Amino acid sequence: MVLVSAKEMIEKAHEGHYAIGAFNINNMEWTKAILAACQQANSPVILQVSEGAAKYMCGFKQCADMVKNIHDHMGITVPVALHLDHGTFEGAKACIEAGFTSVMFDGSHYDFAENLEKSKEIIKLAHSQGVSVECEVGGIGGTEDGVTAKGELADPEQCAKIADLGVDFLACGIGNIHGIYPANWEGLSFDQLKAIKERVGDLPLVLHGGTGIPVEQVQKAISMGISKINVNTDLQLVFAEATKQYVEAGLVDDGKGYDPRKLLKPGREAIVERTKELIREFGSDGKAWN
Ligand code: 13P
């Protein structure tokens, strides 16, 4: 199966009350590991790339080509979408051109009228190419320069206006933030999620900042209409920890332990295991079709 748009897998997840994991990739190791995990778990998956990570990997075209080549080389049969995470207006257009099958246009930092206008344009362009679209209302906070911003709450009326544009799925702040949650985090706002869901009807919703949210809250959010969960930091942490253990055990100096294929293996295997665990928590295991 070639790369697919994320529309069908997210709609099936929404109907079936589970969520699709959208895992950020950083390089070839991440791509191989996440694809292997999804194949083993027989789960559909979204591989997503931020504009910063795409720059690090030498551009959108390189990301699209790398994912397609690895996917084909590994003989992956579960549905896989390649998605732009937090795209700019120009970035989303460039990804559609480069062969991504899904894009997020994040206009949450514009005033709402401009967000709406730009979202409309991206949706029209993407849909003309069979590419699915995620938009965002209400910024998702996070840690920048050591300061952790509180997660914003999206306005249900604004969510409804974006829903009316025909967006495929919508990211809305419900107190979630990117990165590690501070000790005094108040948890997800289920009242806000309920209010948003009531206004957007059947539109599937996206939970950003999937690292470190207690499983019960994740599963409650899924039961209330969250159908895509973004995870980045979690897999970075397990990769770093496994690599650290390899180094601290002195294995770099053991024979050819310095060979990158050996040095990066524990980290890659840790990503495979953690991804499978997350897939089970999200309930998408066994949900692939081919
Ligand atoms: P985390 O890094 O907190 O898992 O968030 C990922 C994310 O939401 C990407 O858009």
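A short reminder: the numbers here are calculations on the coordinates, not readings from a lab. Owing to the predicted nature of the structure, the values given are computational and were not obtained by experimental measurement. Every residue, glycine among them, receives a Cβ derived from its backbone with ideal geometry; neighbour counts consider all protein chains shown.
Charge dipole (Cα centre; +1 on Lys/Arg Cβ, -1 on Asp/Glu Cβ; no other charges) of the chain amounts to roughly 760 debye.
Taking the fewest neighbouring Cβ atoms within 10 Å as the starting point, the ordered list for Phe169, Phe190, Phe239, Phe23 is Phe190, Phe239, Phe169, Phe23. Taken over the Cα atoms of the chain, the convex hull encloses 128 Å³ per residue.
With all projection directions averaged, the alpha carbon convex hull of segment 65-174 covers 8.4 nm².
In a fully extended conformation the segment linking Gln217 and Asn42 would gain 60.6 nm over its present Cα-Cα distance, using 0.36 nm per residue. Extension gain for Tyr56 to His109 (0.36 nm times residue separation, less C-alpha to C-alpha distance): 16.7 nm. Taking the helices alone, the chain has a mean residue ellipticity at 222 nm of -14500 deg cm²/dmol, built from -39,500 (n - 2.57) per DSSP H run of at least 4 residues and averaged over all its residues. For Thr243, Thr31, the sequence from fewest to most other C-beta atoms within 10 Å is Thr243, Thr31. Ignoring solvent entirely, what values of log10 I(q)/I(0) come out of the Debye formula for segment 185-270 at 0.16, 0.18, 0.21 Å⁻¹ when each Cα is a single scatterer? Each listed q maps to, in turn, -0.69, -0.77, -0.92. Listed from fewest to most Cβ neighbours within 10 Å, the set Met74, Met104 follows the order Met74, Met104. Relative to its Kirkwood radius, the Cα radius of gyration of segment 218-266 gives an Rg/Rh of 1.31.
A Förster radius of 30 Å, combined with the Cβ-Cβ distance separating Gln245 from His127, puts the computed FRET efficiency at roughly 0.05. At an R0 of 30 angstrom, the distance between the Cβ atoms of Arg280 and Asp259 translates into a FRET efficiency of 0.40. Over all pairs of different C-alpha atoms in segment 91-144, the reciprocal of the mean inverse distance, the Kirkwood hydrodynamic radius, equals 11.6 Å. In the structure shown, the pairs Lys161/Lys194; Lys118/Lys161; Lys194/Lys220; Lys12/Lys93; Lys7/Lys93 are assessed against 20 Å; a Cα-Cα span above that value is assigned to Lys12/Lys93. Each label was represented as a point 7 Å from its Cα along the Cα-to-Cβ direction; for Ala183 and Glu8 these points are 4.9 nm apart.
In whole Å, how far is the Cα centre of segment 26-41 from that of segment 238-256? So the two Cα centres are separated by 21 Å.
Could you calculate the FRET efficiency of Met224 with Glu273 from 1/(1 + (r/R0)^6), where r is the beta carbon distance between them and R0 is 45 Å, rounded to 0.05? With R0 = 45 Å, the Cβ-Cβ based efficiency is 0.95.
On a per residue basis, the convex hull of the C-alpha atoms belonging to segment 134-290 measures out at 154 Å³. DSSP assigns beta bridges within the chain; of those with both partners inside it, close to 10 percent run antiparallel. The Cα atoms of segment 35-117 define a convex hull whose projected area, averaged across directions, is 5.9 nm². When every alpha-carbon pair in segment 1-152 is counted, what percent end up more than 20 Å apart? Result: 50 percent of Cα pairs exceed 20 Å. Taking the inverse of the mean 1/r over every pair of distinct Cα atoms in segment 129-213 gives a Kirkwood hydrodynamic radius of 13.3 Å.
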